[in-house]
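The values are calculated or read from the model by the stated rules, or taken from the named source; none is laboratory data. Given the structure is predicted, the values throughout are model-derived calculations rather than measurements. Backbone-built Cβ (ideal geometry, glycine too); neighbour counts: all protein chains shown.
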Amino acid sequence: MDRQRIDKEHIVARYLADQLDAVDREAFEAHYADNPEVVRDIERALRLKEGLAILQERGELDSLIRIRRQWSLPLAVAAAILLAVVGIWLWMAPHSHAPLAGELVALADSSGRAPEVRATYLLARARGASPALEIPLPPQRSAIELRMIPSARGTISGHQVALSRLETEKPPVRVGRIRGLKTGDDGLVTAYLDTGQLQPGRYLIELSPEQQDASDASTDRFVIDLR
Amino acid sequence: MSGLRAQLTRVTGDAELAADLLQDAIVTALQKLRTGDIEHRGQLDGYVYRVALNHLRNYRRKDKSSVSDCDAATEMPDADAEARPVRLVEGRQWAAVARRLLLDLPSPRDREVLVRFYLREEERADLCSSLGLTDLQFNRVIFRARERFRELLEQKGYDKADFLAIGLALLGM
């Protein structure tokens, strides 16, 4: 008999309960004769049995078995709060997407419904300074389709579009950015604005190749006024 | 050996008888040591436990066989009264540790497993079947409980050895 078997098969407790057959009992007795640490285990098990027996005599044992931990209620409350927070976060997550997307379905709400495209605008780079494009905001949430002509040509793996809010005497504030946009068969890059997540005001749209070494000259900038 | 003594007292229901049985086991072990049947002093404790627990087992078997005898049962000594001296000294400490252990176990089911296995001495297979436990679950409960009990005894200073071999070494025998 070895230590592993003694532990795994709970030999000490079963020996004390007279549950071993004669062969195992003798093997165990021979083992612990040479192993004082096993004798200590036996002594410990006897103390546990005695301790439990005294609790039983005092009438405490049944209530101790049934008792719920005192911290189980606060823990349950904490777990419930955590669950609620996570649930709310998950529920809210679809609503808090960026106001800019490369595909219309990316603007879908929690029910999976994408907003309707109310207007389409073609954005092209012009020589010299161009006035801001005025875009009226519809009263209800909808999508605005932006079709942009990229200046950068050649082997471009993809484009990125950034949307920033412009305010007087303040640096632009980035409110959205999308990557991996492909040029369509018509040579245009398409993106969508979610009017439900944009406030009226002036915005800068920057279209550029995704390559890290893309020069500033290859970036197309369009200014729009949402009203 | 206080746990051994307590168990002898509890099972026999007689503190004097328990003391006699333990003394007999010690004397037998010492005789074996003198005659060379026990090779070295380190085996003494194991031998004492072996003899004493055999006494205990024989007593229990005899006791079980006479349970059906109503007259004999009514003549049994008052176990509580006889065992009280032992319980007042160390048993109270072990009971406190056992209480702490039960409270540390995470669920009523785990506590029930411990009590039914150690105190009521139910067979593992019966327990698993009755509580719907796998062997793995059962082993985990018992192993953790055993380790926790050892830790608690050590923390409280109740795990000190009172073994015969150590006593003899101190006496220079």
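For the subset of region A:1-14 comprising residues that are crowded, with 17+ Cβ neighbours inside 10 Å and within 8 Å of another protein chain (Cβ to nearest Cβ), which member is nearest to the chain's Cα centre (by Cα)? By that ranking, first place goes to A:His10. When A:Asp21 is tested against (1) more than 20 Å from B:Phe117 (Cα to Cα); (2) more than 9 Å from chain B (Cβ to nearest Cβ); (3) at pLDDT 90 or above, exactly one condition is not met: (1). A count restricted to region A:162-182 and to residues that are in contact with a strand residue (DSSP E or B) (Cβ under 6 Å, 6 or more places away or on another chain) and assigned to a loop (DSSP other than H, G, I, E, B) stands at 1.
For region A:141-175, a residue qualifies if it is touching a residue at least 12 places away in the same chain (Cβ under 8 Å) and among the polar types (S, T, N, Q), and the qualifying residues are A:Ser142, A:Ser151, A:Ser157, A:Gln160, A:Ser164.
Screening A:Asp186, A:Asp225 for residues that are acidic (Asp, Glu), in a loop (DSSP other than H, G, I, E, B) and within 21 Å of A:Ile149 (Cα to Cα) leaves exactly one candidate, A:Asp186. The set of residues from region A:123-148 being part of a loop (DSSP other than H, G, I, E, B), surrounded by 14 or more Cβ atoms within 10 Å (Cβ to Cβ), touching a Lys or Arg at 6+ places or on another chain (Cβ under 7 Å) and not polar (S, T, N, Q) comprises A:Ala132, A:Leu137, A:Pro138.
Looking only at residues of region A:108-120 that are in contact (Cβ under 8 Å) with a residue 60 or more places away in the chain and part of a strand (DSSP E or B), we find that the one that is surrounded by the fewest Cβ atoms within 10 Å (Cβ to Cβ) is A:Val117. For region B:100-138, filtering for residues that are within 26 Å of B:Arg60 (Cβ to Cβ), part of a helix (DSSP H, G or I) and either within 7 Å of chain A (Cβ to nearest Cβ) or of a type in the set (Gly, Ala, Ser) (or both) leaves 11.
Scanning region A:198-208 for residues that are crowded, with 19+ Cβ neighbours inside 10 Å and among the hydroxyl-bearing types (Ser, Thr, Tyr) turns up at least one hit.
Collect the residues in region B:34-52 that are part of a helix (DSSP H, G or I) and either aromatic (Phe, Trp, Tyr) or within 12 Å of chain A (Cβ to nearest Cβ) (or both), keeping them in residue-number order.
Of region B:34-52, the ones part of a helix (DSSP H, G or I) are B:34-35, B:41-52.
Scanning region B:34-52 gives B:Arg41, B:Gly42, B:Gln43, B:Leu44, B:Asp45, B:Gly46, B:Tyr47, B:Val48, B:Tyr49, B:Arg50, B:Val51, B:Ala52.
Based on what the data block shows, is B:Leu4 at the interface with chain A (Cβ under 9 Å from one of its Cβ atoms), in contact with a Leu (Cβ under 9 Å, 6 or more places away or on another chain) and not hydroxyl-bearing (Ser, Thr, Tyr)? So B:Leu4 passes the test. In the set (1) more than 7 Å from chain B (Cβ to nearest Cβ); (2) closer than 24 Å to B:Arg148 by Cβ; (3) of a type in the set (D, E, K, R), A:Arg47 fails one condition alone, (1).
Restricting attention to region B:64-78, does a residue exist that is at pLDDT below 85, small (Gly, Ala, Ser) and not in a helix (DSSP H, G or I)? Within region B:64-78, one or more residues are at pLDDT below 85, small (Gly, Ala, Ser) and not in a helix (DSSP H, G or I).
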